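J.: Before we start, here is the structure in question, set down as structure tokens.
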Amino acid sequence: MVWQFLLFVWMSLVIVAGFLYAPLAEKLYEMTRIIYFHIPMAWVAVLAFLVSTVFSIRYLVTRSWVDDARAAISAKLGLLFAVLATVSGAIFAKAMWGAFWNWDPRETSVLLLLLIYGAYLTLRSAVEGEDKRARLAAVYNIIAFVTVPFLVFVVPRLYFSLHPDPLLNAQGRLEMHPRMLQVFLASLAGFTVLYFWIFDLSWRVARLKRKQEEAP
Amino acid sequence: MNTMLHDLSRTAGQRVIADFIVMGVILLVWAGVFFYLFHLDRKVRALMKKDKAG
């Protein structure tokens, strides 16, 4: 319980620091602040998809419903954070480029990612039979994750993009004001803890539901 | 109307006020999300306790 309130204070401080402590980046002006929310959301989405894949691989080994349920929970959270990253990116696009959607390589690749994981959830709800559903979903999920590094890290770098340089630019340098970096890393840590909290909470709810269903 | 945020024609005062409004809204959203999750967490803990006892 204490750590939850620490997280609340931590993230509140990140929000305040993003506005009052960190300087504005050149050319981004007030939209600089989106860095502290948009990138951590995208990071959590990738992390959640990775965790989901790990549980899918585990499912194929153990054939336990626990691993299947955890894989599904993490994929749903990944999709949620990917949607949030897309929405915050669209707000940035409107402010900087004049339109919410520009079919920029990064926007297009994230849309593909949303469709791929949306299909994963559709597959889960379309297949009847717990074992069959879990097996098919696990295999699909593993294949789906293969596309993540390409869609998130490779494709947007292959084509001309309006998107600002990522944190680590093409030269592998980390170009950010020290204060901005402090707030950014603090936000990254906060969002990661938030993800694990929601993941754990969702897992406990799923376990309770399962117990209720199995109860005579 | 130019809606671009990097429109520097806005006065410094207007930009500072806008900053505080956006910060306030984000803080409110975060507080809402946090207390909803906190409430849910407590509820689930109570249910699990009840389930164990039963």
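J.: Name the pairs whose Cβ atoms lie under 7 Å apart, with the first residue in the range A:137-160 and outside any helix (DSSP H, G or I), the second modelled with pLDDT under 95 and surrounded by fewer than 19 Cβ atoms within 10 Å (Cβ to Cβ), and 6 or more positions between them or separate chains?
T.: If the second residue must be modelled with pLDDT under 95 and surrounded by fewer than 19 Cβ atoms within 10 Å (Cβ to Cβ), the pairs left are A:Tyr159/A:Pro105.
J.: Another question, then. List the number of the failed condition for A:Thr108; all other conditions in (1) among the β-branched types (Val, Ile, Thr); (2) within 15 Å of the chain's Cα centre (by Cα); (3) closer than 24 Å to A:Leu158 by Cβ hold.
T.: Every listed condition holds for A:Thr108 apart from (2).
J.: Also: I'd like the residue in the range A:83-101 that is within 14 Å of chain B (Cβ to nearest Cβ) and of a type outside the set (Gly, Ala, Ser) and, out of all such residues, is farthest from A:Tyr159 (Cα to Cα).
T.: A:Leu84
J.: Being in contact with a strand residue (DSSP E or B) (Cβ under 7 Å, 6 or more places away or on another chain), exposed (fewer than 14 other Cβ atoms within 10 Å of the Cβ) and modelled with pLDDT under 85, is that true of even one residue in the range A:158-176?
T.: Within the range A:158-176, one or more residues are in contact with a strand residue (DSSP E or B) (Cβ under 7 Å, 6 or more places away or on another chain), exposed (fewer than 14 other Cβ atoms within 10 Å of the Cβ) and modelled with pLDDT under 85.
Conditions tested, residue by residue: (1) aliphatic (A, V, I, L, M); (2) within 14 Å of another protein chain (Cβ to nearest Cβ); (3) more than 20 Å from A:Arg207 (Cβ to Cβ).
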site	(1), (2), (3)
A:Ala22	yes, yes, yes
A:Leu60	yes, no, yes
A:Arg63	no, no, no
A:Phe81	no, yes, yes
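J.: Shifting gears a bit: Could you please give the count of residues in the range B:37-47 that are loosely packed, with under 15 Cβ neighbours inside 10 Å and either in contact with a Gly (Cβ under 7 Å, 6 or more places away or on another chain) or under 12 Å from A:Leu208 (Cβ atoms) (or both)?
T.: The number of residues fulfilling the criteria is 3.
J.: Is it true that A:Val16 is away from chain B (no Cβ under 14 Å) and among the β-branched types (Val, Ile, Thr)?
T.: no
J.: Okay, moving on. Exactly one condition in (1) more than 30 Å from A:Ala119 (Cβ to Cβ); (2) of a type outside the set (Phe, Trp, Tyr); (3) within 13 Å of another protein chain (Cβ to nearest Cβ) is false for A:Ile35; which is it?
T.: (3)
The values are calculated or read from the model by the stated rules, or taken from the named source; none is laboratory data. If you're wondering where the values come from, they're calculated on a predicted model, not measured in any experiment. Every residue, glycine among them, receives a Cβ derived from its backbone with ideal geometry; neighbour counts consider all protein chains shown.
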